[in-house]
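Here's the structure, in C-alpha coordinates; my notes come after.
The values are calculated or read from the model by the stated rules, or taken from the named source; none is laboratory data. Fair warning: this is a prediction, and the values are worked out from it, not measured in the lab. Ideal geometry is used to build each Cβ from the backbone, glycine not excepted, and the neighbour counts take in all protein chains shown.
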Amino acid sequence: MTFDRGGRIQLAAAVAALSSAVLLAAGASASGGTLRVALVLGIGAGVFVGVQRGGRGMAAVAALVGAVALAIGVGFVPHLFEAPVSVRGIGAAGVLLGGAGLIVFGTAAATAGVRRLARIPTWLVALVVTALTLAVVGPAVAVVNVPDSTASRTAAEPPLGAEPVALTTPDGVTLAAWWVPGTNGAAVLVRHGAGSTHEGALAQATVLADHGYGVLLMDARGHGESTGRAMDFGWWGDADIDAGLDHLVAEPDVDDDRIAVLGLSMGGEEAIGAATDPRIAAVVAEGATARRAADKDWLSDVHGWRGAVQERIEQLQYGLTDLLTDAPRPTVLRDAVVASEVPVLLIAAGQVADEGHAAAWIAAGAPERVEVWTVDGAGHTDGLGVAPDEWERRVVGFLDEHL
(Lines give C-alpha, C1' and ligand atoms only; values in the text may rest on other atoms or scores of the structure.)
Protein backbone atom coordinates (compact mmCIF):
# COMPACT_ATOMS: atom_id res chain seq x y z
CA MET A 1 0.00 0.00 0.00
CA THR A 2 1.53 3.33 -1.03
CA PHE A 3 1.72 6.31 1.28
CA ASP A 4 -0.65 8.29 -0.95
CA ARG A 5 -3.34 5.60 -0.83
CA GLY A 6 -2.91 5.14 2.92
CA GLY A 7 -3.01 8.89 3.40
CA ARG A 8 -6.37 9.11 1.66
CA ILE A 9 -7.78 6.41 3.93
CA GLN A 10 -6.42 8.22 6.97
CA LEU A 11 -7.99 11.50 5.87
CA ALA A 12 -11.36 9.83 5.27
CA ALA A 13 -11.18 8.07 8.65
CA ALA A 14 -10.41 11.33 10.42
CA VAL A 15 -13.29 13.15 8.72
CA ALA A 16 -15.77 10.34 9.43
CA ALA A 17 -14.73 9.92 13.08
CA LEU A 18 -14.64 13.63 13.90
CA SER A 19 -17.98 14.25 12.18
CA SER A 20 -19.58 11.34 14.05
CA ALA A 21 -18.25 12.77 17.30
CA VAL A 22 -19.78 16.13 16.40
CA LEU A 23 -23.18 14.50 15.87
CA LEU A 24 -23.01 12.75 19.23
CA ALA A 25 -21.73 15.81 21.07
CA ALA A 26 -24.52 17.92 19.54
CA GLY A 27 -27.05 15.61 21.12
CA ALA A 28 -28.23 14.17 17.82
CA SER A 29 -28.34 10.67 19.24
CA ALA A 30 -30.77 9.72 21.98
CA SER A 31 -28.14 7.45 23.50
CA GLY A 32 -25.15 9.70 22.85
CA GLY A 33 -22.61 10.62 25.49
CA THR A 34 -18.96 10.63 26.37
CA LEU A 35 -18.62 6.87 25.99
CA ARG A 36 -20.02 6.85 22.48
CA VAL A 37 -17.93 9.83 21.42
CA ALA A 38 -14.87 8.01 22.72
CA LEU A 39 -15.91 4.86 20.85
CA VAL A 40 -16.20 6.51 17.43
CA LEU A 41 -12.97 8.42 17.94
CA GLY A 42 -11.29 5.18 18.97
CA ILE A 43 -12.49 3.38 15.84
CA GLY A 44 -11.31 6.26 13.69
CA ALA A 45 -7.94 6.25 15.41
CA GLY A 46 -7.67 2.49 14.96
CA VAL A 47 -8.19 2.79 11.21
CA PHE A 48 -5.84 5.78 11.03
CA VAL A 49 -3.03 3.91 12.77
CA GLY A 50 -3.78 0.55 11.19
CA VAL A 51 -3.36 1.70 7.60
CA GLN A 52 0.21 2.75 8.39
CA ARG A 53 1.07 -0.94 8.65
CA GLY A 54 -0.46 -1.62 5.26
CA GLY A 55 -2.11 -4.86 4.24
CA ARG A 56 -5.26 -5.76 2.40
CA GLY A 57 -7.01 -6.84 5.59
CA MET A 58 -6.76 -3.40 7.14
CA ALA A 59 -7.93 -1.82 3.91
CA ALA A 60 -11.01 -4.09 3.96
CA VAL A 61 -11.70 -3.10 7.57
CA ALA A 62 -11.50 0.55 6.55
CA ALA A 63 -14.05 -0.06 3.80
CA LEU A 64 -16.39 -1.80 6.24
CA VAL A 65 -16.11 1.08 8.71
CA GLY A 66 -16.85 3.37 5.80
CA ALA A 67 -20.06 1.48 5.00
CA VAL A 68 -21.28 1.98 8.57
CA ALA A 69 -20.29 5.66 8.52
CA LEU A 70 -22.05 6.20 5.20
CA ALA A 71 -25.21 4.57 6.56
CA ILE A 72 -25.12 6.83 9.62
CA GLY A 73 -24.74 9.81 7.32
CA VAL A 74 -27.72 8.70 5.24
CA GLY A 75 -29.78 8.57 8.43
CA PHE A 76 -28.91 12.21 9.03
CA VAL A 77 -29.52 13.41 5.45
CA PRO A 78 -32.68 15.37 6.43
CA HIS A 79 -30.52 17.51 8.72
CA LEU A 80 -28.65 18.79 5.67
CA PHE A 81 -31.73 20.82 4.77
CA GLU A 82 -32.24 22.49 8.13
CA ALA A 83 -32.32 26.28 7.98
CA PRO A 84 -30.23 27.91 9.22
CA VAL A 85 -27.40 25.44 8.72
CA SER A 86 -27.10 23.32 11.86
CA VAL A 87 -24.19 21.61 13.56
CA ARG A 88 -25.93 18.31 12.87
CA GLY A 89 -26.17 19.15 9.18
CA ILE A 90 -22.45 19.87 9.03
CA GLY A 91 -21.72 16.66 10.91
CA ALA A 92 -23.95 14.69 8.54
CA ALA A 93 -22.10 16.04 5.50
CA GLY A 94 -18.78 15.09 7.05
CA VAL A 95 -19.89 11.55 7.88
CA LEU A 96 -21.22 11.06 4.34
CA LEU A 97 -17.99 12.25 2.75
CA GLY A 98 -15.74 10.37 5.16
CA GLY A 99 -17.74 7.16 4.86
CA ALA A 100 -17.79 7.27 1.06
CA GLY A 101 -14.07 7.96 1.03
CA LEU A 102 -13.33 4.99 3.28
CA ILE A 103 -15.35 2.66 1.05
CA VAL A 104 -13.71 3.81 -2.18
CA PHE A 105 -10.15 4.19 -0.93
CA GLY A 106 -10.31 1.10 1.28
CA THR A 107 -11.63 -1.13 -1.50
CA ALA A 108 -9.11 0.31 -3.96
CA ALA A 109 -6.29 -0.43 -1.54
CA ALA A 110 -7.59 -3.96 -0.93
CA THR A 111 -7.45 -4.66 -4.68
CA ALA A 112 -4.17 -2.87 -5.40
CA GLY A 113 -1.84 -4.96 -7.55
CA VAL A 114 -4.65 -7.29 -8.62
CA ARG A 115 -5.54 -7.63 -12.29
CA ARG A 116 -8.42 -5.41 -13.34
CA LEU A 117 -10.95 -8.19 -13.99
CA ALA A 118 -10.01 -9.92 -10.76
CA ARG A 119 -10.95 -6.78 -8.83
CA ILE A 120 -14.60 -7.01 -9.85
CA PRO A 121 -15.67 -9.60 -7.21
CA THR A 122 -14.16 -7.50 -4.42
CA TRP A 123 -15.96 -4.38 -5.61
CA LEU A 124 -19.21 -6.33 -5.88
CA VAL A 125 -18.81 -7.56 -2.31
CA ALA A 126 -18.16 -3.98 -1.19
CA LEU A 127 -21.34 -2.83 -2.93
CA VAL A 128 -23.45 -5.60 -1.39
CA VAL A 129 -22.08 -5.00 2.11
CA THR A 130 -22.67 -1.27 1.74
CA ALA A 131 -26.24 -1.82 0.52
CA LEU A 132 -27.08 -4.14 3.42
CA THR A 133 -25.51 -1.76 5.92
CA LEU A 134 -27.51 1.13 4.50
CA ALA A 135 -30.72 -0.93 4.76
CA VAL A 136 -30.12 -1.76 8.42
CA VAL A 137 -28.31 1.23 9.90
CA GLY A 138 -29.74 4.13 7.87
CA PRO A 139 -33.41 3.75 8.88
CA ALA A 140 -32.55 2.99 12.51
CA VAL A 141 -30.51 6.18 12.76
CA ALA A 142 -33.13 8.25 10.95
CA VAL A 143 -36.12 7.31 13.12
CA VAL A 144 -34.39 8.32 16.36
CA ASN A 145 -32.83 11.51 14.96
CA VAL A 146 -35.77 13.46 13.55
CA PRO A 147 -34.84 16.99 12.38
CA ASP A 148 -36.47 19.87 14.20
CA SER A 149 -37.47 21.42 10.88
CA THR A 150 -39.73 18.48 9.98
CA ALA A 151 -41.40 18.42 13.37
CA SER A 152 -42.13 22.10 13.98
CA ARG A 153 -45.05 22.98 11.73
CA THR A 154 -48.19 23.99 13.59
CA ALA A 155 -51.18 26.28 13.09
CA ALA A 156 -51.09 29.83 14.42
CA GLU A 157 -54.73 29.59 15.56
CA PRO A 158 -56.36 26.78 17.55
CA PRO A 159 -58.06 24.28 15.20
CA LEU A 160 -61.87 24.08 15.15
CA GLY A 161 -62.03 26.84 17.75
CA ALA A 162 -60.55 24.40 20.24
CA GLU A 163 -59.27 25.12 23.72
CA PRO A 164 -55.45 24.76 23.91
CA VAL A 165 -54.35 22.49 26.74
CA ALA A 166 -50.97 21.28 27.99
CA LEU A 167 -50.61 17.63 28.92
CA THR A 168 -47.82 16.07 30.96
CA THR A 169 -46.65 12.51 30.29
CA PRO A 170 -45.53 10.11 33.04
CA ASP A 171 -41.90 10.85 32.09
CA GLY A 172 -42.32 14.62 32.34
CA VAL A 173 -42.74 15.64 28.69
CA THR A 174 -45.17 18.48 27.95
CA LEU A 175 -47.52 17.78 25.04
CA ALA A 176 -49.45 20.44 23.17
CA ALA A 177 -53.10 19.51 22.64
CA TRP A 178 -56.40 21.05 21.60
CA TRP A 179 -59.74 20.08 23.10
CA VAL A 180 -62.98 20.40 21.11
CA PRO A 181 -65.96 19.72 23.40
CA GLY A 182 -68.61 17.39 22.02
CA THR A 183 -72.35 17.12 22.40
CA ASN A 184 -72.94 13.37 22.62
CA GLY A 185 -70.87 12.48 25.68
CA ALA A 186 -68.29 10.46 23.72
CA ALA A 187 -64.75 11.55 22.86
CA VAL A 188 -62.01 10.58 20.42
CA LEU A 189 -58.30 11.10 20.97
CA VAL A 190 -56.73 11.79 17.54
CA ARG A 191 -53.08 10.99 16.71
CA HIS A 192 -51.21 12.17 13.61
CA GLY A 193 -48.42 10.46 11.66
CA ALA A 194 -44.64 10.75 11.86
CA GLY A 195 -43.09 14.06 10.78
CA SER A 196 -46.46 15.83 11.00
CA THR A 197 -48.48 17.66 13.66
CA HIS A 198 -52.11 17.74 14.72
CA GLU A 199 -52.77 19.57 11.45
CA GLY A 200 -52.15 16.31 9.61
CA ALA A 201 -55.26 14.81 11.21
CA LEU A 202 -57.40 17.94 11.25
CA ALA A 203 -59.69 16.82 8.42
CA GLN A 204 -60.50 13.56 10.20
CA ALA A 205 -61.03 15.41 13.48
CA THR A 206 -63.44 17.81 11.79
CA VAL A 207 -65.65 14.93 10.62
CA LEU A 208 -65.82 13.58 14.15
CA ALA A 209 -66.56 16.98 15.68
CA ASP A 210 -69.33 17.56 13.14
CA HIS A 211 -71.02 14.41 14.45
CA GLY A 212 -70.97 15.59 18.05
CA TYR A 213 -67.86 13.79 19.28
CA GLY A 214 -65.51 15.54 21.63
CA VAL A 215 -62.08 15.60 19.98
CA LEU A 216 -58.66 15.83 21.59
CA LEU A 217 -56.01 16.66 19.00
CA MET A 218 -52.40 16.22 20.11
CA ASP A 219 -48.94 17.02 18.82
CA ALA A 220 -46.81 13.92 19.40
CA ARG A 221 -43.71 14.47 21.49
CA GLY A 222 -40.97 16.20 19.52
CA HIS A 223 -43.53 17.38 16.96
CA GLY A 224 -45.18 20.76 16.59
CA GLU A 225 -45.41 22.55 19.93
CA SER A 226 -44.73 19.50 22.09
CA THR A 227 -41.46 19.05 23.93
CA GLY A 228 -39.46 15.84 24.11
CA ARG A 229 -37.65 13.84 21.47
CA ALA A 230 -39.43 12.66 18.32
CA MET A 231 -39.26 8.98 17.44
CA ASP A 232 -40.72 8.02 14.06
CA PHE A 233 -41.62 4.43 15.00
CA GLY A 234 -43.97 5.83 17.65
CA TRP A 235 -42.45 3.97 20.59
CA TRP A 236 -43.40 6.81 22.93
CA GLY A 237 -47.05 6.50 21.88
CA ASP A 238 -48.26 4.62 24.96
CA ALA A 239 -46.96 7.35 27.28
CA ASP A 240 -48.37 10.15 25.13
CA ILE A 241 -51.79 8.52 24.79
CA ASP A 242 -51.84 7.85 28.54
CA ALA A 243 -51.57 11.61 29.13
CA GLY A 244 -54.36 12.27 26.66
CA LEU A 245 -56.64 9.73 28.30
CA ASP A 246 -55.98 11.31 31.70
CA HIS A 247 -57.29 14.58 30.29
CA LEU A 248 -60.37 13.05 28.70
CA VAL A 249 -61.52 11.17 31.80
CA ALA A 250 -61.21 14.43 33.73
CA GLU A 251 -63.53 16.26 31.33
CA PRO A 252 -66.95 16.51 33.04
CA ASP A 253 -68.89 16.18 29.77
CA VAL A 254 -67.15 12.95 28.67
CA ASP A 255 -68.46 9.53 29.66
CA ASP A 256 -65.45 7.56 30.90
CA ASP A 257 -66.54 4.40 29.09
CA ARG A 258 -67.08 6.14 25.73
CA ILE A 259 -63.55 7.05 24.67
CA ALA A 260 -61.89 5.97 21.43
CA VAL A 261 -58.51 6.58 19.80
CA LEU A 262 -58.12 7.33 16.09
CA GLY A 263 -54.66 7.43 14.56
CA LEU A 264 -53.03 7.86 11.18
CA SER A 265 -49.89 5.94 10.17
CA MET A 266 -47.57 6.14 13.21
CA GLY A 267 -50.56 7.42 15.18
CA GLY A 268 -52.56 4.38 14.12
CA GLU A 269 -49.84 2.06 15.35
CA GLU A 270 -49.79 3.97 18.64
CA ALA A 271 -53.56 3.64 18.91
CA ILE A 272 -53.43 -0.13 18.41
CA GLY A 273 -50.58 -0.46 20.88
CA ALA A 274 -52.52 1.43 23.53
CA ALA A 275 -55.70 -0.62 23.03
CA THR A 276 -55.09 -2.65 26.19
CA ASP A 277 -55.71 0.48 28.30
CA PRO A 278 -59.09 -0.14 29.98
CA ARG A 279 -60.12 3.48 29.35
CA ILE A 280 -60.19 2.87 25.57
CA ALA A 281 -63.46 1.50 24.18
CA ALA A 282 -62.62 1.43 20.45
CA VAL A 283 -59.73 2.03 18.04
CA VAL A 284 -59.61 3.31 14.46
CA ALA A 285 -56.21 2.99 12.78
CA GLU A 286 -55.51 4.10 9.21
CA GLY A 287 -52.25 3.24 7.46
CA ALA A 288 -50.88 1.27 10.43
CA THR A 289 -48.26 -1.28 9.41
CA ALA A 290 -45.46 -1.94 11.90
CA ARG A 291 -43.38 -0.67 14.79
CA ARG A 292 -41.56 -3.91 15.65
CA ALA A 293 -39.85 -6.46 13.40
CA ALA A 294 -42.41 -9.10 14.41
CA ASP A 295 -45.12 -6.92 12.86
CA LYS A 296 -43.67 -7.93 9.49
CA ASP A 297 -43.62 -11.69 9.97
CA TRP A 298 -46.07 -11.95 7.09
CA LEU A 299 -43.46 -10.83 4.53
CA SER A 300 -42.13 -14.31 3.75
CA ASP A 301 -45.65 -15.70 3.32
CA VAL A 302 -46.53 -13.01 0.78
CA HIS A 303 -43.22 -12.35 -0.98
CA GLY A 304 -41.41 -15.67 -0.66
CA TRP A 305 -37.62 -15.64 -0.39
CA ARG A 306 -37.45 -11.88 -0.92
CA GLY A 307 -39.80 -11.43 2.01
CA ALA A 308 -37.71 -13.79 4.12
CA VAL A 309 -34.59 -11.72 3.39
CA GLN A 310 -36.48 -8.55 4.25
CA GLU A 311 -37.65 -10.08 7.53
CA ARG A 312 -34.02 -10.69 8.54
CA ILE A 313 -33.13 -7.10 7.61
CA GLU A 314 -36.08 -5.79 9.62
CA GLN A 315 -34.97 -7.79 12.66
CA LEU A 316 -31.52 -6.21 12.51
CA GLN A 317 -32.93 -2.76 11.84
CA TYR A 318 -35.42 -2.77 14.71
CA GLY A 319 -32.87 -4.38 17.01
CA LEU A 320 -30.43 -1.57 16.30
CA THR A 321 -33.20 0.98 16.81
CA ASP A 322 -33.78 -0.46 20.26
CA LEU A 323 -30.12 0.17 21.08
CA LEU A 324 -30.21 3.75 19.79
CA THR A 325 -33.32 5.00 21.58
CA ASP A 326 -34.35 5.47 25.19
CA ALA A 327 -37.97 4.76 24.26
CA PRO A 328 -39.45 1.58 25.72
CA ARG A 329 -39.85 -1.30 23.27
CA PRO A 330 -43.57 -1.42 22.38
CA THR A 331 -45.94 -4.35 22.07
CA VAL A 332 -46.20 -6.08 18.70
CA LEU A 333 -49.40 -4.80 17.03
CA ARG A 334 -50.98 -8.22 16.58
CA ASP A 335 -50.21 -9.09 20.20
CA ALA A 336 -51.79 -5.83 21.36
CA VAL A 337 -54.99 -6.65 19.47
CA VAL A 338 -55.08 -10.14 20.99
CA ALA A 339 -54.49 -8.81 24.50
CA SER A 340 -57.14 -6.10 24.26
CA GLU A 341 -60.89 -6.57 24.32
CA VAL A 342 -61.90 -3.58 22.19
CA PRO A 343 -63.20 -3.46 18.61
CA VAL A 344 -60.71 -2.19 16.03
CA LEU A 345 -61.29 -0.71 12.57
CA LEU A 346 -58.23 -0.93 10.32
CA ILE A 347 -58.22 1.24 7.19
CA ALA A 348 -55.74 0.28 4.46
CA ALA A 349 -54.74 2.14 1.30
CA GLY A 350 -55.75 0.36 -1.88
CA GLN A 351 -52.68 1.66 -3.70
CA VAL A 352 -50.29 0.36 -1.03
CA ALA A 353 -50.57 -3.43 -1.19
CA ASP A 354 -48.46 -4.06 1.89
CA GLU A 355 -50.88 -2.02 4.02
CA GLY A 356 -53.55 -4.56 3.21
CA HIS A 357 -51.21 -7.45 4.02
CA ALA A 358 -50.25 -5.84 7.33
CA ALA A 359 -53.89 -5.18 8.22
CA ALA A 360 -54.83 -8.78 7.45
CA TRP A 361 -51.95 -10.02 9.63
CA ILE A 362 -53.03 -7.83 12.54
CA ALA A 363 -56.71 -8.71 12.14
CA ALA A 364 -55.97 -12.44 12.14
CA GLY A 365 -55.11 -12.17 15.82
CA ALA A 366 -58.72 -11.38 16.73
CA PRO A 367 -60.91 -11.62 13.62
CA GLU A 368 -64.09 -11.41 15.68
CA ARG A 369 -63.18 -7.91 16.87
CA VAL A 370 -61.14 -6.45 14.02
CA GLU A 371 -62.66 -5.06 10.85
CA VAL A 372 -60.52 -4.22 7.79
CA TRP A 373 -61.58 -1.69 5.16
CA THR A 374 -59.36 -1.30 2.09
CA VAL A 375 -60.01 2.01 0.33
CA ASP A 376 -59.76 1.45 -3.42
CA GLY A 377 -57.53 3.99 -5.15
CA ALA A 378 -56.30 5.57 -1.92
CA GLY A 379 -52.70 6.31 -1.05
CA HIS A 380 -51.25 6.21 2.44
CA THR A 381 -53.76 7.70 4.96
CA ASP A 382 -55.76 9.24 2.10
CA GLY A 383 -58.99 7.35 2.71
CA LEU A 384 -60.93 10.49 3.62
CA GLY A 385 -59.58 12.35 0.61
CA VAL A 386 -60.44 9.60 -1.88
CA ALA A 387 -63.74 8.38 -0.42
CA PRO A 388 -65.01 11.11 1.95
CA ASP A 389 -68.62 9.93 2.15
CA GLU A 390 -67.65 6.29 2.68
CA TRP A 391 -64.98 7.23 5.23
CA GLU A 392 -67.52 9.27 7.17
CA ARG A 393 -70.13 6.53 7.00
CA ARG A 394 -67.79 3.74 8.06
CA VAL A 395 -65.79 5.54 10.75
CA VAL A 396 -68.67 7.42 12.34
CA GLY A 397 -70.86 4.32 12.08
CA PHE A 398 -68.17 2.23 13.78
CA LEU A 399 -67.81 4.75 16.60
CA ASP A 400 -71.57 5.19 16.98
CA GLU A 401 -71.93 1.42 17.33
CA HIS A 402 -69.18 0.89 19.88
CA LEU A 403 -69.35 4.11 21.89
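For the range 115-136, state whether one or more residues are in a loop (DSSP other than H, G, I, E, B) and either surrounded by 22 or more Cβ atoms within 10 Å (Cβ to Cβ) or free of Cβ contacts under 8 Å to residues at least 40 places away in the same chain (or both).
Yes; the residues of the range 115-136 include at least one that is in a loop (DSSP other than H, G, I, E, B) and either surrounded by 22 or more Cβ atoms within 10 Å (Cβ to Cβ) or free of Cβ contacts under 8 Å to residues at least 40 places away in the same chain (or both).
Could you list, in sequence order, all residues of the range 137-151 that are surrounded by 20 or more Cβ atoms within 10 Å (Cβ to Cβ), among the small types (Gly, Ala, Ser) and modelled with pLDDT under 90?
Hit for the range 137-151 is 151, nothing else.
Of everything in the range 82-110, what is within 21 Å of residue 134 (Cβ to Cβ) and of a type in the set (Ser, Thr, Tyr)? Give them in sequence order.
107
Restricting attention to helices (runs of 4 or more DSSP H) lying wholly within the range 294-402, give those where 3 or more residues are among the charged types (D, E, K, R).
Once the helices (runs of 4 or more DSSP H) in the range 294-402 are filtered for at least 3 residues that are among the charged types (D, E, K, R), what remains is 299-324, 388-402.
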